[in-house]
Amino acid sequence: MRILCAVDGSEHSQWGIQALEALAGHELEQVTLLHVVDKPALQAVRNKNPVAATRAVVAMEKAGTMILRNAARAARLALGQAAMGPHTTVHTVLAHGSLPHTIAKTARRLKTDLILMGSRGLSDIQGFLLGSVSRQVASATPCSLLVVKQPMPKLLHVALAVDDSKPSRAAARFLRARILPEAATVTILTSAASPVTDFAARYLSETQLAELKRPVIERATTLVNALRDEFIKEGYPVVTQIQMNHVIDTIVKSVEANHDQLLVIGSRELTKSERLHLGSVSESLLRHAPCSVLIVRGARA
């Protein structure tokens, strides 16, 4: 697996590097550490004082080189390079440009399987007005993305949120093959959409409601049980949850109650309109989930 890890020298960036330890049990072909010098952010200064802007870029490049050097040392330590030897190569890249678009562009060029980055998270108001870098990357990247929101040296409790779609099945395969350690417990959960609106439900009896909901619950149960059997076949302990409620709220509350360290979700590549509005379920969960989030996407998944 090829991993692209974005670093900026912050504590949250270190969480991303430390997460390599949790992935070291799987075959990692290459880890590329990327630091981006955000030249567009200096455009206003460049217009008023080009000399000062040039000096600022030189200083940022020097700082970026030091950040990458320290990150490479930390990555080798997290990977246990002394034991793994030449199995995983660690490269560093210093790039220029807009941060989210440069990360996505570099991922395409390197044919990356997984982008790894730390995130401090934003409040609801900040996230709505500005949008975090991780959410911008999620809307632009063509491959899977792991956003680390807290230290994650080991994975013991993982939640897999699914629906009856190809991206969900791809997420389950990706989790088993490339992420999940042997000791981890997996909670497979789904939130089935109610076949009737709350308003319409007021005019139906409990028997009528149950009759309408039964086939929906049965389909959800069949889906979850099939995925459960695949994990059990490979020796993983599994818990299942099936509910009929608001998707985002159900998943977030489940993750909080189970103290999961990682939430895994499948996602198709977004259209330009969806990127503009940031309207996908995966990006809503990326924003609201209290734990780290893995969005599985792309042909390489």
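The values are calculated or read from the model by the stated rules, or taken from the named source; none is laboratory data. As the structure is a computational prediction, the values presented were derived from the model and not from experiment. Surface areas here come from the heavy atoms of the whole protein model, side chains and all, with no ligands, DNA or RNA. Shrake-Rupley method; radii C 1.70, N 1.55, O 1.52, S 1.80 Å.
Of the accessible area of the chain, with the probe set at 1.4 angstrom, what percent is carbon plus sulfur?
On the way: 8440 of 15440 Å².
Using a 1.4 Å probe with all protein chains present, the chain comes out at 55 percent carbon and sulfur.
Whose amide H sits under 5 Å from the amide H of LEU160, counting only residues 5 or more places off or on another chain, with H placed in the peptide plane?
THR187, ILE188, LEU189, VAL264
Provide the per residue accessible area, probe 1.4 Å, for the chain, rounded to a whole number of square angstrom.
On the way: 15440 Å² over 301 residues.
Normalised by residue count, the accessible surface of the chain is 51 Å².
Region 149-208: D in µm²/s via Stokes-Einstein (Kirkwood Rh, Cα pairs, 4 °C, 1.567 mPa s)? Please list the in-between numbers first.
Numbers: Rh = 14.6 Å.
Value of D from the Cα-based Kirkwood radius: 89 µm²/s.
Output the direction-averaged projected area (hull surface divided by four) of the convex hull of the alpha-carbon atoms of region 156-301, in nm². It would help to have the intermediate numbers written out before the result.
On the way: hull surface 38.6 nm².
That works out to 9.7 nm², a quarter of the Cα hull's surface.
So which of LYS111/LYS253; LYS105/LYS233; LYS154/LYS253; LYS166/LYS213 end up more than 30 Å apart by C-alpha?
Details: LYS111/LYS253 35 Å; LYS105/LYS233 38 Å; LYS154/LYS253 22 Å; LYS166/LYS213 23 Å.
Exceeds cut-off: LYS111/LYS253; LYS105/LYS233.
Which three semi-axes in whole Å describe the equivalent ellipsoid of the chain, each the square root of 5 times a Cα gyration tensor eigenvalue, listed largest first? Can you show the working numbers first?
Details: eigenvalues 287, 118, 42 Å².
In descending order the semi-axes read 38, 24, 14 Å.
Can you tell which of ALA220, ALA201, ALA24 shows the greatest fluctuation in a Gaussian network model of the chain with Cα springs below 10 Å?
Among ALA220, ALA201, ALA24, the largest GNM mean-square fluctuation belongs to ALA201.
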